[in-house]
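The values are calculated or read from the model by the stated rules, or taken from the named source; none is laboratory data. Since the structure is predicted, the reported quantities are computational estimates derived from the model, not experimental observations. Quick reminder, even Gly has a Cβ in these numbers, built from the backbone with ideal geometry, and neighbours come from all protein chains shown.
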Amino acid sequence: MEKTQILIAYGTRYGATAGTAEEISKVLQGEGFELKVVNLKEEKVKDISNFDLIIIGNGMKMEMWTSNVKAFLKKFSNELKEKKVAIFVSSGGRALMEYKGENDEIERITKKYLEDKATKYDLNPISMIMFGGIWDYNQMGKIYRKFLDAEKENFIPAGFKETEPGVYDSRNWDEIHKWAKELANTI
């Protein structure tokens with residue numbers, strides 16, 4: 001029997017989405033699927049016809065999708081309508097909002113980052129989720145850093161881990177593994 005072919009195509013800003021895509025890939029490979037993982041900034045996808053499932057990952061910053069992922073969605077919009085699609089986004093702010101009890105804000109950005117994007121490209125994803133992300137003070141500009149400084153005191157209480165000086169990771173690996181296993185069971 002032929003193995004299910006999966007493409008994970010992603011755009012990343014500080015590496016959270018890349019690491020999340022790799023972890024999802026490991027889980028799915030462990031479940032017997034064949035995968036191709038593509039960082040859309042480094043590699044262009046020419047054809048998606050051989051893939052049974054397309055997982056699209058995106059790193060969010062200031063409520064914006066990466067240009068590489070937007071270009072991928074635009075290029076393959078017609079083919080993606082006919083494919084099984086799953087979408088995940090990485091957002092450093094999600095864990096902070098959960099910590100502060102900003103449930104209305106979480107609902108708003110979930111709608112904007114996931115539901116509205118799927119609707120814009122006329123997709124009917126089998127699954128969509130928002131994971132935590134990374135805030136890397138070493139790579140961000142002064143204005144964004146100044147904006148985040150007001151929240152920095154909440155990073156550790158909110159569950160962020162300082163993985164190296166100036167790099168705060170809010171990803172929940174158990175949540176990522178669970179989602180990947182659920183995807184495996186769905187397909």
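What the table shows:
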item	result
The listed residue being under 18 Å from Gly19 (Cβ atoms) and among the polar types (S, T, N, Q), out of Asn154, Asn68	Asn68
Hey, Tyr10 assigned to a strand (DSSP E or B) and either hydroxyl-bearing (Ser, Thr, Tyr) or in contact with an Asp or Glu (Cβ under 7 Å, 6 or more places away or on another chain) (or both) or not	yes
Pair list, Cβ < 6 Å and 6+ apart or interchain, from segment 35-55 residues that are farther than 16 Å from Ala18 by Cα to residues that are in a loop (DSSP other than H, G, I, E, B)	Ile48/Phe76; Asp52/Thr4; Leu53/Ile187
Residue match in segment 49-60 (condition: of a type in the set (D, E, K, R) and within 18 Å of the chain's Cα centre (by Cα))	no
Residue in segment 23-43 that is nearest to Ala118 (Cα to Cα), counting only those that are more than 18 Å from the chain's Cα centre (by Cα) and charged (D, E, K, R)	Glu34
Meets criteria (buried (at least 18 other Cβ atoms within 10 Å of the Cβ), of a type in the set (Ser, Thr, Tyr) and part of a helix (DSSP H, G or I)) for Tyr99	no
When residues of segment 13-50 are limited to those that are in a strand (DSSP E or B) and of a type in the set (D, E, K, R), the one modelled with the highest pLDDT	Lys36
